[in-house]
Amino acid sequence: MILSKPNYIKIYGHRGARGDMPENTLSGFNYIFENDILAFETDVLISKDKIPVITHDFFLNPDFTKDNNGNWIKRDNIKIYDLDYDELTKYDVGELNKSTRYGKRFKDQKTINNQKIIKLKELLDLIEIFPKEDFFINLEIKSSPLEEGLTPSPQEMVSYVKKEILKSKYFDKILISSFDWRILSECKKQLPNTLRGYLSFQQDLGSSKKTIYQGSPWMDTKEQFNMFELPKLIKKLEGHVWCAFHRDITKQSVAMAHDLGMGVNVWTVNSESDMIKMINYGVDGIITDFPNRLKKVCETNNVKWF
């Protein structure tokens, strides 16, 4: 199974390599490919003219977006879905404003001028230049059940993404994930042979609800379930991968998922101590903003990676 190899860790560059390079940009993806990182996780939204684009936030992010005059945008309510693709290309997303709270998290990220929000098609075309047997793509389709109008409907979103990925020769090396499990229900209908990854976020169960709880609109199911046996529910929904927040898992829950025949990928793991912990827990894939750091951790600890 391309998701895993016995006694190996699969390294996924998060949004390319957000810790080192501008996120979700051609420069960032080129960077990981040139460093022999063979897998990545990235985000898909839809423009007003129905083009799948690679970007994480429903709105242009003022922390790393400049207008065509080279000035940081001030507004935080410029919706991706309200702009045609040509309008999106007028913005530069190649520099992180290090004075912002978000920017201070990635103080070593390089600035690469003239980086645009790219189409999913451009990313799939770029991959063709780096043919590797173990290449693997995790496309997270961004969607929210909490607010209408941020994106097209789940049915439409999946259909737009489907149109693009069916053209790619790497079609069988794509995992589609989402926090909005309605997307995964649609994938099951429209792309039954594509791997589906169920994203989950369970932290602070006692004080605040994230995405996993009984009756959650994120989960698209009325099934009763045990919070501590989430892999059993995902298996019942015919999922292939549990994509868990790394602080939500235990060695026992990873073993449970494996016993059910599922893979376990964890996000977003950036400290060396957490990387080692996840390796010891036996996860299949680690999503990180610092893939080269994880590479070194694996090599130092005699852990094989791919």
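The residue list Ile174, Ile276, Ile212 contains one member that is more than 29 Å from Ile46 (Cβ to Cβ) and either buried (at least 21 other Cβ atoms within 10 Å of the Cβ) or among the aliphatic types (A, V, I, L, M) (or both), which is Ile276.
Looking only at segment 49-75, how many residues end up being more than 22 Å from the chain's Cα centre (by Cα) and not aromatic (Phe, Trp, Tyr)? Lay out the reasoning, then the answer.
Step one: list which residues in segment 49-75 are more than 22 Å from the chain's Cα centre (by Cα), which gives 49, 66-75.
Applying the additional criterion that residues be not aromatic (Phe, Trp, Tyr) yields 49, 66-71, 73-75.
Residues in segment 49-75 being more than 22 Å from the chain's Cα centre (by Cα) and not aromatic (Phe, Trp, Tyr): 10 in total.
Inside segment 40-69, can you point out the residues that are touching a strand residue (DSSP E or B) at 6+ places or on another chain (Cβ under 9 Å), surrounded by 19 or more Cβ atoms within 10 Å (Cβ to Cβ) and among the polar types (S, T, N, Q)? Answer for segment 40-69, where residues must be touching a strand residue (DSSP E or B) at 6+ places or on another chain (Cβ under 9 Å), surrounded by 19 or more Cβ atoms within 10 Å (Cβ to Cβ) and among the polar types (S, T, N, Q): Thr42, Ser47, Thr55, Thr65.
Residues that are touching a Gly at 6+ places or on another chain (Cβ under 6 Å) number at least 1 in the following strands (runs of 3 or more DSSP E) confined to segment 215-294: 241-245, 263-267.
Selection of first residues in segment 225-238 that are within 11 Å of Gly197 (Cα to Cα) and touching a residue at least 24 places away in the same chain (Cβ under 8 Å) and of second residues that are surrounded by 19 or more Cβ atoms within 10 Å (Cβ to Cβ) and basic (Lys, Arg), restricted to Cβ pairs under 8 Å at least 6 apart or on distinct chains, gives the following pairs, ordered by first then second residue: Glu238/Arg196.
Restricting attention to segment 93-147, the residues that are within 23 Å of Lys162 (Cβ to Cβ), among the β-branched types (Val, Ile, Thr) and modelled with pLDDT under 95 total 1. Of the residues in segment 90-100, at least one is in contact with a strand residue (DSSP E or B) (Cβ under 6 Å, 6 or more places away or on another chain), surrounded by 14 or more Cβ atoms within 10 Å (Cβ to Cβ), among the charged types (D, E, K, R) and free of Cβ contacts under 8 Å to residues at least 40 places away in the same chain.
Just a yes or no: is a residue in segment 251-263 modelled with pLDDT of 95 or more, touching a His at 6+ places or on another chain (Cβ under 8 Å) and not acidic (Asp, Glu)? Yes, because at least one residue in segment 251-263 is modelled with pLDDT of 95 or more, touching a His at 6+ places or on another chain (Cβ under 8 Å) and not acidic (Asp, Glu). Return yes or no: is Arg182 touching a His at 6+ places or on another chain (Cβ under 7 Å) and more than 23 Å from Pro131 (Cβ to Cβ)? Spelling it out, it is not the case that Arg182 is touching a His at 6+ places or on another chain (Cβ under 7 Å) and more than 23 Å from Pro131 (Cβ to Cβ). Just a yes or no: is a residue in segment 60-77 without any contact (Cβ under 8 Å) to a residue 40 or more places away in the chain, touching a helix residue (DSSP H, G or I) at 6+ places or on another chain (Cβ under 9 Å) and closer than 30 Å to Ile165 by Cα? Yes, segment 60-77 contains at least one residue that is without any contact (Cβ under 8 Å) to a residue 40 or more places away in the chain, touching a helix residue (DSSP H, G or I) at 6+ places or on another chain (Cβ under 9 Å) and closer than 30 Å to Ile165 by Cα. Screening Gln190 on (1) in contact with a Ser or Thr (Cβ under 7 Å, 6 or more places away or on another chain); (2) surrounded by 17 or more Cβ atoms within 10 Å (Cβ to Cβ) shows it passes everything except condition (2).
Okay, residues lined up against (1) in a loop (DSSP other than H, G, I, E, B); (2) over 18 Å from Asn138 (Cα atoms); (3) among the hydroxyl-bearing types (Ser, Thr, Tyr):
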{"residue": "Tyr12", "(1), (2), (3)": "no, no, yes"}
{"residue": "Gly28", "(1), (2), (3)": "no, no, no"}
{"residue": "Tyr31", "(1), (2), (3)": "no, no, yes"}
{"residue": "Phe64", "(1), (2), (3)": "yes, yes, no"}
{"residue": "Asn68", "(1), (2), (3)": "yes, yes, no"}
{"residue": "Gly94", "(1), (2), (3)": "yes, yes, no"}
{"residue": "Thr111", "(1), (2), (3)": "yes, yes, yes"}
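Scanning segment 162-192 for residues that are among the β-branched types (Val, Ile, Thr) and assigned to a helix (DSSP H, G or I), we see that the one that is nearest to Trp218 (Cα to Cα) is Ile183.
The values are calculated or read from the model by the stated rules, or taken from the named source; none is laboratory data. No experiment lies behind these values; they were computed from the predicted model shown. Positions of Cβ are backbone-derived with ideal geometry, glycine not excepted, and every protein chain shown enters the neighbour counts.
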